[in-house]
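A short reminder: the numbers here are calculations on the coordinates, not readings from a lab. These figures come from a predicted structure and were not determined experimentally. Cβ atoms come from the backbone with ideal geometry, glycine included; neighbour counts cover every protein chain shown.
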Amino acid sequence: MSYIEQTLTKLQKSSPGQPEFYQAVQEVLESLEPLFAKEKKYLEHNIIERIIEPERQIMFRVAWIDDQGKVQVNKGYRIEFNSAIGPYKGGLRFHPSVSSGIIKFLGFEQIFKNSLTGLAIGGGKGGSDFDPKGKSNNEIMRFCQSFINELYRHIGPTTDVPAGDIGVGGREIGYMFGQYKRLTGRYEGVFTGKKIPWGGSLARTEATGYGTVYFAQNMLTTNGQALEGKTCVVSGAGNVAIYTIEKLYQNCALPVTCSDSRGFIYHKSGINLETLKQLKEVESACLSKYAEIHTDAVYTPVSSYPAGRNAVWSVPCDLAFPCATQNELNQADAHELLKNGCILVAEGANMPSTPEAVEAFLNAKIMYAPGKAANAGGVATSQLEMAQNASMIQWSFEEVDVRLKTIMKNIYLTASETANEFGQPHNLVLGANIAGFRKVADAMIDQGVV
């Protein structure tokens, strides 16, 4: 049995029932094999055994009272994975699918994503199986306050700085920040994703989507191509998808799809961004309403998708941007994209492509950008928010956007140069994983056994 197989077997015994976590670890470890062959110090210092175990795992009960006066109970999580290069940094996700395994997979990915930004931030993640959908503002406020009644003990501006994620936007961050301030008596940058008047950063909402497009631009430029005129398919309808679509339009590309948990829209003439923002950011409505407003658009419900497939990826395109959730694009979807002439896939979501889909893209040698590289713009801008909070100033949208564009270019160059170093120039999965790992691992060696 190989070293990687032994490691995964031990991990499955120590952390049972966490398939997404195993998937994330396996993907990274397999990419690192050329590095281990070249530099023995990482195995000699047992870096792998140390880096796949979180430094701290916090799980707690969240009891809160709904509008009918009934007590409800949810689970809360914060996984503080690695602080070798900076304070723990990563979002909070409120969604019924949240479990310890989901949070661990996200936290593990966050280590390397944060490392690739070149900024001083470690990896962490958190959340709850609480579902904000259908809840009143008062119910969400009471839940957030109860959540922070436990979490506040474990976070701080130089310790652990949470942000938003699925189900956690400016409203939820506001309620949590307010409760933290009430409990501690301190006004400090302990959360990112705050609203602008009380410490938020301009361009933070747009950053993940914009950054994904900037990364794709760098890939295309290197290969002598441009975004202009390209037909693009996008999954998702949250912040990442919306601002991916916005930035695509700004670069004269044509995004023709978006999706939510119930179905997807195909609008051949191009997604109407104003309608999408109104439905999702203002009304929190189902995308089926989009087709009622734009009769030339086609809405396909999830129930009509082919078995095991995501029909978004069957729409002919030049470029694909998975911006919804993990494992939303499988092997059959990948082959459909390739058959239809797709030349680039840039992941706005975390681990949206299954291992088989990733293998198909790499074998075809199309331009493929893994999430930990392509979607790092969000956490990078969160760190820029931390910097603004620490100095008690606020930068302009343009200044933040310029910094974001530079960071995304540097991530691309780092991943690309590392892939070239190891003789696989088309493999940005390998390049991103080795570059992200090497920085953290070297810091762990420098700091001793802690």
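Here are a few things to note about the model shown:
- Computed lengthening from A443 to A120, 0.36 nm per intervening residue step minus Cα-Cα distance: 115.1 nm
- Among the listed options (1) 28.4; (2) 26.5; (3) 21.3, the one matching mean projected area of the Cα convex hull in nm² as calculated from these coordinates is (3).
- Distance between modelled label sites at K40 and K195, nm, 7 Å Cα→Cβ extension: 5.9
- In Hz, Karplus ³J(HN,Hα) per residue of the range 382-388 (6.51, -1.76, 1.60; θ = phi - 60°; x = Gly, Pro): 4, 5, 5, 5, 4, 5, 5
- Ellipticity estimate at 222 nm from DSSP helix runs (n ≥ 4, -39,500 (n - 2.57)) divided over the chain, nearest 500: -15000 deg cm²/dmol
- The range 120-210: trypsin sites (Lys or Arg not before Pro) in DSSP coil with no more than 11 other Cβ atoms inside 10 Å: K133, R186
- Counted by neighbouring Cβ atoms within 10 Å, the residues Y210, Y249 run from fewest to most as Y249, Y210.
- Here the Gaussian network model covers the chain, with springs between Cα atoms less than 10 Å apart; of Q225, Q331, Q23, Q225 fluctuates the most.
- Comparing F130, F397, F215 in a Gaussian network model of the chain, where Cα atoms under 10 Å apart are tied by springs, the biggest mean-square fluctuation is seen for F397.
- Highest-fluctuation residue, M392, M367, M408 considered, GNM on the chain with Cα pairs under 10 Å: M392
- Restricting attention to the range 264-385, the count of lysine pairs at 8 or more positions apart or across chains with alpha carbons under 21 Å apart stands at 7.
- The stretch between V298 and M1, if pulled fully straight at 0.36 nm per residue, gains 101.9 nm over its current Cα-Cα span.
- Contact order for the range 206-369, expressed relative to its length and based on alpha carbon pairs under 8 Å spaced 6+ residues apart, stands at 22 percent.
- The modelled label-to-label distance between N138 and M392, using points 7 Å beyond Cα along the C-beta direction, is 3.7 nm.
- Taking each residue as 0.36 nm, the span from V450 to N340 lengthens on full extension beyond its C-alpha to C-alpha distance by 34.5 nm.
- For D131, no residue has an amide H sitting under 5 Å from its own, ignoring neighbours fewer than 5 places away on the same chain, with H placed 1.01 Å from N.
- When V449, V298, V345 are sorted by how many other C-beta atoms sit within 10 angstrom of their C-beta, beginning with the fewest, the order is V449, V298, V345.
- Among beta bridges identified by DSSP and lying wholly in the range 206-369, the antiparallel ones come to about 40 percent.
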